[in-house]
Amino acid sequence: ARIPLPALVLLKGDLGAGKTTLAKGLIAGLGAAREEEVTSPTFTLVHVFGDVGAKNGARAKVYHADLYRIEGEHDLASIGLEDALAETAPCVVIVEWSERLTLRSSWPVIRIELEHAGGDRRRIALQGLES
């Protein structure tokens, strides 16, 4: 399965469930950065990664947001996700703690919920991605 461009990837799960690890893999898989270059945007709130090859030679950015510290509409408005979702070039926006996202988008949405399954195992529920 491939992530469509544009796409809004919503990650949900408890602390330590693996949201950032999954985001690292997605960003590396899209070719936007090497996995070791991706860190949690918990304190910066949003990281923007370079161009990703897109169809017809277009280039796309990947935005990685962590809404753990967001406490309302004002905080959300201050981080610029609305601008990312209004991009004219195709983008992928990956959002950790997506249950705090109140913005609406017409983009295709991929929902991924991670849950601890004991030890290093995780249970992952995926919705919205076609193979």
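Consider Asp51 carefully, then state whether it is modelled with pLDDT under 80 and part of a helix (DSSP H, G or I).
Numbers: modelled with pLDDT under 80: yes; part of a helix (DSSP H, G or I): no.
Against the criterion (modelled with pLDDT under 80 and part of a helix (DSSP H, G or I)), Asp51 does not qualify.
From the list Leu126, Leu114, Leu103, which one is under 20 Å from Thr21 (Cβ atoms) and without any contact (Cβ under 8 Å) to a residue 60 or more places away in the chain?
Details: Leu114 fails: without any contact (Cβ under 8 Å) to a residue 60 or more places away in the chain; Leu103 fails: under 20 Å from Thr21 (Cβ atoms).
When all the criteria are applied, what remains is Leu126.
Count, please, the residues in the stretch 87-131 that happen to be part of a loop (DSSP other than H, G, I, E, B) and of a type in the set (D, E, K, R).
Residues of the stretch 87-131 that are part of a loop (DSSP other than H, G, I, E, B), as a first pass: 87-90, 97, 101-108, 117-121, 128-131.
Then keep just the ones that are of a type in the set (D, E, K, R); that gives 87, 104, 120-121, 130.
Number of matching residues: 5.
Can you tell me which residue is least open to solvent (accessible area, probe 1.4 Å) among those in the stretch 73-86 that are assigned to a loop (DSSP other than H, G, I, E, B) and either under 22 Å from Leu15 (Cβ atoms) or at pLDDT 80 or above (or both)? Reasoning before the result, please.
Residues of the stretch 73-86 that are assigned to a loop (DSSP other than H, G, I, E, B), as a first pass: 79-80, 86.
Adding the requirement that they be either under 22 Å from Leu15 (Cβ atoms) or at pLDDT 80 or above (or both) leaves 79, 86.
Working: Ile79: 33, Ala86: 71 Å².
Going through the qualifying residues, I end up with Ile79.
If Ala23 meets every condition in (1) open to solvent by less than 20 Å² (accessible area, probe 1.4 Å); (2) part of a loop (DSSP other than H, G, I, E, B); (3) hydrophobic (A, V, I, L, M, F, W, C) apart from one, which number is that one?
Only one criterion is unmet by Ala23, namely (2).
Here are some conditions: (1) part of a loop (DSSP other than H, G, I, E, B); (2) modelled with pLDDT under 80; (3) within 20 Å of Arg2 (Cβ to Cβ); (4) open to solvent by 50 Å² or more (accessible area, probe 1.4 Å). Thr44 meets all but one. Which one does it not meet?
Of (1) part of a loop (DSSP other than H, G, I, E, B); (2) modelled with pLDDT under 80; (3) within 20 Å of Arg2 (Cβ to Cβ); (4) open to solvent by 50 Å² or more (accessible area, probe 1.4 Å), only one is false for Thr44: (3).
Quick one: is Ala60 in a helix (DSSP H, G or I) and in contact with a Cys (Cβ under 8 Å, 6 or more places away or on another chain)? It would help to see each step written out before you state the result.
Details: in a helix (DSSP H, G or I): no; in contact with a Cys (Cβ under 8 Å, 6 or more places away or on another chain): yes.
No, not satisfied.
The values are calculated or read from the model by the stated rules, or taken from the named source; none is laboratory data. Quick caveat: nothing in here was measured; it's all calculated off a predicted structure. Every residue, glycine among them, receives a Cβ derived from its backbone with ideal geometry; neighbour counts consider all protein chains shown. Note: accessible area is taken over every heavy atom of the protein model, side chains too, but ligands, DNA and RNA are not part of it. Shrake-Rupley method; radii C 1.70, N 1.55, O 1.52, S 1.80 Å.
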